[in-house]
1. Rank these for me by crowding, Ser192, Ser322, going from fewest to most other beta carbons within 10 Å.
2. Could you derive backbone 3J(HN,Hα) for segment 314-330 from the dihedral phi with the Karplus parameters 6.51, -1.76 and 1.60 (θ = phi - 60°), listing whole Hz in sequence and x where the residue is Gly or Pro?
3. Under a Cβ-only charge scheme (Lys and Arg +1, Asp and Glu -1), can you give me the dipole magnitude of segment 52-158 about the Cα centre, in debye to the nearest 20?
4. May I ask you to sort Glu374, Glu165 by Cβ crowding, counting other Cβ atoms within 10 Å and putting the fewest first?
5. Neighbouring Cβ atoms within 10 Å as the yardstick, rank Ser240, Ser139 fewest first.
6. Run the count for segment 52-158, please: Lys pairs, Cα-Cα under 21 angstrom, 8 or more apart or on different chains.
Amino acid sequence: MTEDNNKEVHTEQQEQVENGTSKVENGEAKVENGENKVENGDSQQNVEETKEMRTIVISGTKSIKVIKKPEPTIQGDDEVLIRVQAAGLSFNDLLCKQGNFVNLPKTPFTGGFEAAGIVESVGQNVDLKVGDRVAALTSSPHCWSELVSVNSKYVYKLPDGIDFENAVALTLNYVFAHYLLFEIVNLKANDSIFIQCCSGGVGNALVNLASTIENVTIIGTASKAKHEKIEGVKHLFDHSDDILTEVKKILPEGVNLVFDCLNGENVHKMFGVLQPLGHYIMYGTTSSNSGLLSAAKSWFKSFDKVKLSNLFEENKTLSGFSLRQFLFTQNGHDHVRKTVEKIYNLFLDGKIKPVIDSRFAFEDVADALLQLHERKNIGKVLLIPSLEPKPRPVEEEPVKKSRFGSKSSKKADKEADKKVEKKEEQNGFKENGDVKENADEPKLNGDDKSNDKVTENNDVKDLKENGVKNEEATNEPIKVEN
């Protein structure tokens, strides 16, 4: 082989090595790109894992606030994850807030037992699909969130003609009222009924459902301020009126049915309102705001005045009903589902129409609870996650005095000192932006770089921008005073 040929071979090998090196380098570049992709993928995964939602948390009898927490995920094959569009309030929520609810979760916990929204994901054993519109009931409070996970046994698909707000108003209160009227008793044409607190969620539903039966006489109680706004009640009295006397004036023989949600406070009196073969039904806890012990005492005092022997001597019936117990602890979910379908059909047929009293943003939940507590509502009170909170006046910090003067005055003095210092700093700049050589005046930077050129306008601009960013970056919980 000639010398020239050897040179050519050597040159080709060198090129191959160089090309190979180049390929390796490219390969390394690809690996690096791949690593970059993995890193990007990790960052995307971290973003997904840190998705947050708003939820209303009860931290004690005097603390309720909106916080951000990680979004929940499906925990079981029978679970449904729902994006909440509307949530409801009831007196059970007041009991939770007061710490008087049975088997209450440890604080802090999310409130709410009823909601409606859009399905986001489902477990393997669930017939629903993503995007379905549903309503849901829960055994423990946790519906006041933007996302809620519920067992499919207590989730009900909504027909096209029912929106989320009406779904919340119908699914709990109207199902409850339907059981009282048509399962516990059997309301018939020409019957007469007496309803305590007929302006609330369940009371309003009782009036509305009873009106679907021919020639039913409805007598009820509500605060005088509400009388003009309540429809469907033929004879309406205030809670302070002598009900027994007033009812006997209208119907001397008495009424067929009495529905009492006041924990039996006046059961011994109201028994006199019933006619023979009449039925007295107790439900709810709307008078137990003072606590479970007070409610229990009220029950026992009332029943002590109603002798069991009087039930068969006077041919009267006494019974009670708890939808929550029947649905969640007595395996009544299939029966309740059929009742839910009946209620939805009655609505679609135009025979019933729930009353929506008011709608509140999550941040205004304290106002919503106050609406219930003060019995100002006529119909259902709702929480709507998409609503903007109402503007509130800025509260000034209370002046806390001490032996050295008030904290507010000290704070004002410090702010004044800062303004003076800032003005002195600004005066320490020449027009061209260079720092003056004055040892008595503070320099902008802690080092000796006096050649850094900073204009006064830019300095103020940066301060403003940084201040806004810091305000926007705060993630402290939103406290809502009750």
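Read the figures in this text as sums done on the coordinates, not as results from a lab. All of these numbers come straight from a predicted model, not from anything done at the bench. Counting neighbours? That spans all protein chains shown, and the Cβs are built from the backbone with ideal geometry, glycine included.
1. By the 10 Å Cβ count, ascending, the order reads Ser322, Ser192.
2. 9, 6, 10, 10, 10, 8, x, 8, 10, 4, 4, 5, 5, 6, 9, 10, 10
3. 460 debye
4. Ranking Glu374, Glu165 by Cβ neighbours within 10 Å, fewest first, gives Glu374, Glu165.
5. Sorted ascending by nearby Cβ count, the order is Ser240, Ser139.
6. Final tally of qualifying lysine pairs is 11.
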